[in-house]
Structures are given as C-alpha cells and as structure tokens.
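J.: Dropping a structure here in structure tokens format, bear with me for questions.
Only the coordinates and a few stated rules stand behind these numbers; no lab work does. Just so we're clear, the structure is a prediction, and the values are computed from it rather than from any experiment. We place every Cβ from the backbone using ideal geometry, glycine too, and count neighbours over all the protein chains shown.
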Amino acid sequence: MSSILQDREYIAARIKTPFVWRGTGRFLFVSFGAQDLIGRFEMKPLLPFLFGLLTVFLVPAASPALADEPLLTLTGAVEGGRVEISREDLDAMEWRELSTSTTVTDGRPLFRGVLMRDILEHAGASGETVVARALNDYVIDIPISDFHAFDVLAALYMDGTALTPRDKGPVWIVYPRDDHGVLADIRYDMRWVWQLVALHVQ
C-alpha cells in the first residue's frame, strides 16, 4: 500500500512540473516528463495508465487572433502608404453572402464576407491594379476594375464555418463565378487568392 501511495505522490509531483507547450494558432500541444515517468514505473501495473496519461493532448488555446490584430495589410497607393485591416474594421463594413461553385470545392458553398471594393475604399486606395499576396507567397496582379464590375468577396466564412489558414483562410478572394459566364475563364480562376494576407495597390 505504501508503495502505491508513493507512486501516486511521484506522479502528482511530476505532473506539477512545467509542461511543454507548442502553439499552432488555435491549439496548443501539451506533453510532459514521459521518459522520466516511464523509466520509474517500467514493468509496473500502472504502465498502461501512464501511456494514456503521457500521450500528447490537443488542447484549445486560450484565444484566437484578437479583433484588433491585422488580417490584411494594404500598401502602395493607399492612405499614408500603409493600411492594416483588422477583423474589427471588417465587422464595421457591410457583409455580403455569395453562393457559387469553385474549382476546388464540391457543390455551391455559401461564402460570407465583405466586398473587395469596400476594403479598398476603406484604405483610400487609388490605382489600377492590386498585387495580391497569399500566406504561401503566391502572388498575382488583379485589375481593380474586377472589383467594380463584379461583386468580388473577401470571404471569411464558408458554409457558416470560419476559414482558417488550414482551409484557405482567414481571407479568400471569391468571385461570383456562377453569375457571370466570363468568370469561368481560367484567367479569373487564378485570381481566387486564398490565405490572402496583403494587397499592394499601384
């Protein structure tokens, strides 16, 4: 009995030691003292319990990105040469919904976000082209006339779920593909920038 109590006390003491935290945005991975504990309890009845206990756990992080942290950065021919757009800024704009087929999803997902032309207006943009850059460093020139000819969306949600960097978010440029036959052209498909992080206006 005393041996079991000592073992329990040792486990409790080890678990109270600092954990190893590794962040991935919305989640934190936690692990602790596996080798030390397994070495102490090797060949003991508690070993199966320890293997379960020492598995790396997936734990929700305390908080995602703050509302005032920038989602998009606009440079070039914008007010002051640089404008950072936060989620709070986007929430203050008019939100739209758009259901359309895409080349990378099934069916006709429902997208929700703000119009690209509203973002440019908010930033005081004046130019003919935006150079859109994604998180993965994909870069493409998009004529600003696109945003006035079509209701192009800076989508943050798809089918009611917030877009994340793992799934083309947090911002995805979405064209109303099904509403205009010309938008089925591959030239426009190339302008559907997901993981959008920056726009350079020129």
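J.: What is the spin-label model distance, in nm, from R96 to Q202 if the labels are put 7 Å beyond Cα along the C-beta direction?
T.: Taking the simple label geometry, R96 and Q202 are separated by 2.7 nm.
J.: I've got another one for you. Long-range amide H contacts for G169: which residues qualify at under 5 Å (H placed 1.01 Å from N, peptide plane, sequence gap of 5 or more or a different chain)?
T.: Excluding prolines and chain starts, which carry no amide H, the hits are T164, Q195.
J.: Rounded to a whole number of µm²/s, how large is the Stokes-Einstein D of segment 94-157 at 20 °C and 1.002 mPa s, given Rh as the Kirkwood radius over C-alpha pairs?
T.: Numbers: Rh = 13.0 Å.
For the chosen part, D equals 165 µm²/s.
J.: I need the calculated FRET efficiency for the pair D68 and L110, taking r as the beta carbon distance and R₀ as 30 Å, to the nearest 0.05.
T.: Numbers: r = 28 Å, r/R0 = 0.92.
The pair D68/L110 has a calculated efficiency of 0.60.
J.: Here's another thing I want to ask about it. For segment 186-202 and segment 72-147, what is the centre-to-centre distance using only Cα atoms, to the nearest Å?
T.: Answer, in whole Å: 8.
J.: Modelled label-to-label distance, L135 and I186, 7 Å Cα→beta-carbon offset: nm?
T.: Using points 7 Å along Cα→Cβ, the separation is 2.8 nm.
J.: May I have the extent of the alpha carbons of segment 70-201 along their three principal axes, as whole Å values ordered from largest to smallest?
T.: Rounded to whole Å, the extents work out to 42, 28, 28 Å.
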